[in-house]
Each structure stands twice: as structure tokens, then as C-alpha cells.
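Please treat every number below as a calculation from the coordinates, not as lab data. Everything numeric here is computed off the predicted structure, so don't read it as measured data. Ideal geometry is used to build each Cβ from the backbone, glycine not excepted, and the neighbour counts take in all protein chains shown.
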Amino acid sequence: MRMMAAAVALAAVGGPAAADDLSGTLAFVSDRSGQDEIYIRDLASGVERRVTENAGPDRAPSWSPDGRWIAFNSRRPPHEDPEIYIIRPDKLKVRRLTRNPAEDQRPAFTADGKTIVFQRGDFTAGFGLWSVRVDDRTETQLTKPDRAGSFDVAPDPSPINGTIVLQTNRRVGSLFPFRLARLAEGRRQPHDFGPAAPASIDGPRWSPDGRQIAFAAGGDLYVFTPSSNRLKRATRGKASDLSPDWSPDGAMLVFQSDRRVATGGIHVVDLDSGAVRFVGEGRTPVWTGRIHAE
């Protein structure tokens, strides 16, 4: 069965054309203009357009729950370290949310769209999790590094109960491996949970119904179901598959891979059949059901 699924996946990889069975909008990063900027792609038409244009790199896009805003981190002047911004892709309206000498990265909206959680710190002192309110920029520290080089990073709040899933190297004693952890609302310490992954975990993301978590490990994508403690491998092969995000209906994952474009290509995998298709050039894609066609 696994060999058959892999064969189907290979046969399904196609060119970056529009697809009638895919809908919504992807936001992603590309350096096609000479540096990293945020782009969006209407999946039905295949039309792409750039939504940021700055002297510094813009990275790590994340959609608001209503699909109206994209959060991202940027090193745009006058600051050299990344800060958190949001942008309306339909109006190209940009707002800066954080002002801090540390590195603010990998933002993600809470389910109500009123708050963004992100990682803050540096590679010497370590990273903890913070939140910032979108309306008034009020910040709250959620976790503190427990040692130099301790990282609580890549947070993603649950769409159901506010529990944040993240990757952490607490109690490891070195940078790697990262393990899957969760931070319950009101708690100050993340707790390890989930499977014994085959390699260091990266980029955990809750499914739209809050029942599953996708992540990358060892160059492949996995889906974990906490209620049954089940771990399912979603992709396999020699390629490096990274940065998964869910389709709005939870049936597919969009992800970054070097299987077609060495510098970064966007692919989609159907979780039922295992079929993989190539969408286009780009990195760290995220998917919203909202249409942002021109």
C-alpha cells in the first residue's frame, strides 16, 4: 500500500498551473525580486502578485483566521533585527506591531484574530514565546528560556481552545533535537507531548478542526492525532519537505520542498491518497480559504 501511494504521488507531480479542485489563496516567500518578499497566489487562477516591497527581507507569513491580514516578520530599515508586522493584501496596508531590540519571528494569530503569538530572543540568550494584541500592541511574555540557547519557538495557537503547540529544546542540553510541546492557556511552562519523532521536529501546525498537528521531521511531513496518539507519515522520499500548513478543509497539506525547485518550491499533498503536486516557486506557504484574486 505504501509503495502504491508513493507511485501515485510521483505520477501526480505536475506543473505550476491553476487547478480547478484547489481554491483559496496562498501566501508565501520568494526572493525572485532579489530579496525575500511576501507574495500571494490565487489557487483557482494561478495568478500571483507581490504584497511587500522593502529594503529588508520579509518572511514567515501567517494568515489571520478571517483571511484579511497576513502577519510576518521583517528586517526593514531602520531596524536591523526582525519585528512583527501585519498587512492587508487587498489594500497593501501595513502596520508594525513590535518594537524590541531582540529578534521577533514566526508570528501566528490566535483563533479570534485579536492577538498574535511569536518567538522573541536571540541565538545566545535563547528564545521565549510572547504575544501582542493587534489593536493596541500590548505585549505579554508567555515563556522564558530556561538556559542560554534554550528555544521555545514556532508557536501555533489551537483554533479550538487556545493551547499553543510549539517546538522546544528544553531539557535537551544542546540545540537539537527539537521536540513537540504544548503550552496550555494560563501556563508558563510548555510540556512535551506527542510521538517520539524520527528526527528533530519543525513547524508544528494545528489542523483547522484542532484535532491534528502537522510537522516536519527528517525531511518528511507527519500528522499527529493527540486523541489516539497516532502518527501518520504524509510524505516520503529523498527530498527535503518543510513548513507544512493545512488546507482550509483539512484534507491536504501545502509545504515547501526541493523536489522540483532547489531554491524552494510549493507543493500540495492529499492526505488520503498521498498524491503530491507542484504548485510553483516559493517558500513557507500558508493557506487561507479567502479569495484574493485581482
query = In percent, what relative contact order does the chain have, based on Cα pairs under 8 Å that are 6 or more apart in sequence?
reply = 16
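Taking a ≥ b ≥ c as the square roots of the eigenvalues of the Cα gyration tensor of segment 2-288, is the shape rounded (a/c under 1.5), prolate (a/b larger than b/c) or oblate? Working shown, then result.
On the way: a/c = 1.60, a/b = 1.15, b/c = 1.40.
Because a/c hits 1.5 or more and a/b fails to exceed b/c, segment 2-288 counts as oblate.
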inquiry  = Could you tell me the calculated FRET efficiency between ARG99 and LYS238, based on Cβ-Cβ distance and R0 = 35 angstrom, to the nearest 0.05?
reply    = 0.20
query = When HIS191, HIS79, HIS267, HIS292 are ordered from fewest to most other Cβ atoms inside 10 Å of their Cβ, what list results?
reply = HIS191, HIS79, HIS292, HIS267
message = Only sites in a loop by DSSP and with at most 11 other Cβ atoms within 10 Å count here; which GluC sites (Glu not before Pro) in segment 75-182 make the cut?
response = GLU80
inquiry  = Counting only helical runs of four or more DSSP H residues, what would the 222 nm mean residue ellipticity of the chain come to if each run contributes -39,500 (n - 2.57) and the total is spread over all its residues?
reply    = -1000 deg cm²/dmol
ask   = Using a ≥ b ≥ c from the Cα gyration tensor of segment 97-179 (square roots of the eigenvalues), is it rounded, prolate or oblate, where a/c under 1.5 gives rounded and otherwise the larger of a/b and b/c decides, a/b for prolate?
value = oblate
remark   = Exposure proxy check on THR143, THR98: fewest-to-most Cβ neighbours within 10 Å is THR98, THR143
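How much length would be gained if the chain were fully extended between THR163 and ALA199, taking 0.36 nm per residue of separation minus their Cα-Cα distance, in nm to one decimal?
On the way: separation 36, 0.36 × 36 = 12.96 nm, distance 2.36 nm.
Separation in residues times 0.36 nm, less the Cα-Cα distance, equals 10.6 nm.
Round to the nearest 0.05 the FRET efficiency obtained for ILE291 and ARG188 when R0 = 30 Å and r is the Cβ-Cβ distance. Numbers along the way, then the final one.
Values: r = 40 Å, r/R0 = 1.33.
Using R0 = 30 Å, I get an efficiency of 0.15.
Just to verify a number: FRET efficiency for THR138 and ALA55, C-beta to C-beta distance, R0 = 25 Å, to 0.05? Could the numbers behind the result be given before it?
Numbers: r = 29 Å, r/R0 = 1.15.
After rounding to 0.05, the efficiency reads 0.30.
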